[in-house]
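Comments concern the structure below.
Throughout, read-outs are computed from the coordinates displayed, never taken from laboratory work. Everything quoted here is computed from the prediction, not taken from an experiment. Counting neighbours? That spans all protein chains shown, and the Cβs are built from the backbone with ideal geometry, glycine included.
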Amino acid sequence: VVVLTTTDDSQEIKRCYELGCNVDTTKPVNYESFANAIRQLGLFFSVIQVPPASI
């Protein structure tokens with residue numbers, strides 16, 4: 001579970017993890033910065049090992 005949020009409030013972020021979030025990132029408001037953040041998120045997922053889904 002990935003949460004893109006506009007807040008950097010530590011209590012809000014903690015709550016996201018308590019609810020099952022695996023990755024939290026603050027999304028930029030500026031479009032170019034947002035697009036770059038999404039590209040970096042894609043790179044992150046291309047290099048990590050994600051366990052297979054249970055059937």
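Things worth noting here:
- Residue 40 in a helix (DSSP H, G or I) and free of Cβ contacts under 8 Å to residues at least 12 places away in the same chain: yes
- The residues of region 13-37 that are part of a helix (DSSP H, G or I) and either of a type in the set (Val, Ile, Thr) or closer than 25 Å to residue 50 by Cβ (or both), listed by number, are 13, 14, 15, 16, 17, 18, 34, 35, 36, 37.
- Among the conditions (1) surrounded by fewer than 12 Cβ atoms within 10 Å (Cβ to Cβ); (2) in a helix (DSSP H, G or I), the only one that residue 53 does not satisfy is (2).
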